[in-house]
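Read the figures in this text as sums done on the coordinates, not as results from a lab. A quick note: this is a predicted structure, and the numbers were derived from the prediction, not measured. For neighbour counting, all protein chains shown are included, and Cβ atoms are generated from backbone atoms with ideal geometry for every residue, glycine included.
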Amino acid sequence: MIPTNDDPDLRAPSARARLVVIAFGTLLSLVAAEFALRIATSNTPYRVLPANVRAEFTPAPGLMPGVTGTSVYSTNSDGIRGRSYPADEGLHILAVGGSTTECLYLDDSEAWPALLESLLGGEAGRPPVWVGSVGVSGHGLAEHIQIARYLLPQLRIDWTVVLAGINDLVPLLRLAEDYRPEKEDPDLVRFLDKAFRSRPLADARWPAAFPTNLAGWHLARRSIAILKRNWRAELTEGDLLVEDRAGLTYARRREALRGVPVLDEIPDLGPALKRFEQNLRVMVDAVHEADSRLLLLTQPSAWNAGLSPEHEALHWIAFLGSKQAPRARYATPALEQAMRRFNETTLRVCRETEAECLDVATAMADADRELYYYDEVHLNERGSRRLAELIARWFRRAPGAKG
């Protein structure tokens, strides 16, 4: 009998062969795509902020005491708030922090990093000074460490000035018994997505194993992160995610806290303080490995037992639960003690490592304390200038800090 094309013995090998060809072709395409992504993004710089953006803000009257007029927030071509990074010699300082470094509602010229540059740059006998800022709302030490690891090596930064504390305390306040310190481990890949607006999709320095060492995997993660960030943002100004131009979100957040129970005790600080200390030590090492020197600032705040009711009504940060539905808020004396514990940890790490420390929290706990902030920790124009003056004074006096 002569076999025909309908013979099952002939059809089966052909079907299997097609599956093998499809599988091999798919694998080959994925490998090719992986190499293409690596090559295409290999020269992508690490940028904390989007490059060359500009946004204007005019806070509503009374919402942010001490913030006046229309302010401009802008970044340079390196995704840094400040003048273009100079290639010439001089003293190069980079300010790293969260929203208290970002100074979103203050004009470029009123943010403390710019004021620091102005105060230091005009002094006789001092080399030219450049101060840039990569402060981002919500960033804590886990993000700061990524910046030290991957952004600093791109630039020549003589001094890295880090203002940290509030964003390492807040997760504990809001999550309480659900707080998990291991989620603040800077080696977690998710902090790359949180720290940078642009970066390569593969880097041999990342602590990653399959599949987290794949460019395609990182592309998918970054795409999801961008979608989430834009979905949650209340306003997008070009590439810059902001709150809102008039600061009305602050009014809504303050209103949400009215009438909620007041908690006189903070959740157990132990786990959060331990993680904070661990991350501070990692930060010290990361900055030194990038051939920069580190100045750590303690976190100043308006929290104190003698706080006026008028100023306390401006607060919104320290609550239990979500921004949309806070379940309780914390009493100011308890918050003052908690912030002090974090600052004491910063000072102790400085004493035990090669980092330098400036205790601005104590220096700003003076008679004008309430006049420095438009809420618990965010500096107004007066507070920003006060902080810049304290840092400038330190640079004038500290050995080896003159460039």
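Here are a few things to note about the model shown:
- Label point 7 Å beyond Cα of ALA176 along Cβ direction - residues of the range 245-271 with amide nitrogen under 15 Å: 260-269
- Counted by neighbouring Cβ atoms within 10 Å, the residues VAL129, VAL161 run from fewest to most as VAL129, VAL161.
- Within-14-Å neighbourhood charge of GLY321 [Cβ basis; K, R +1; D, E -1]: +3
- Subtracting the Cα-Cα distance of ASN43 and LEU28 from their residue separation scaled by 0.36 nm leaves 3.0 nm.
- Calculated from the structure at hand, mean projected area of the Cα convex hull in nm² is found among (1) 25.5; (2) 29.5; (3) 18.8 as (1).
- Spatially close lysines, pair count over the chain: Cα under 19 Å, gap of eight or more or interchain: 5
- Share, in percent, of DSSP beta bridges within the chain that are antiparallel, nearest 5: 40 percent
- Whole-angstrom gap from the range 351-403 to the range 152-199, using each part's C-alpha centre: 21 Å
- Ranked list, fewest to most other Cβ atoms within 10 Å of each Cβ, for ASP108, ASP178: ASP178, ASP108
- Each residue in THR345, THR160 was given a count of other beta-carbon atoms within 10 angstrom of its own, and listing them fewest first yields THR345, THR160.
- FRET E, pair THR249, ASP285, Förster distance 45 Å, beta-carbon r, rounded to 0.05: 0.75
- The chain: relative contact order as a whole-number percent, Cα under 8 Å and 6+ apart: 21 percent
- Rounded if a/c under 1.5, otherwise prolate or oblate - the range 336-384, Cα gyration tensor axes: prolate
- Within a Gaussian network of the chain (alpha carbon springs, distance under 10 Å), most fluctuating of GLY138, GLY98, GLY165: GLY138
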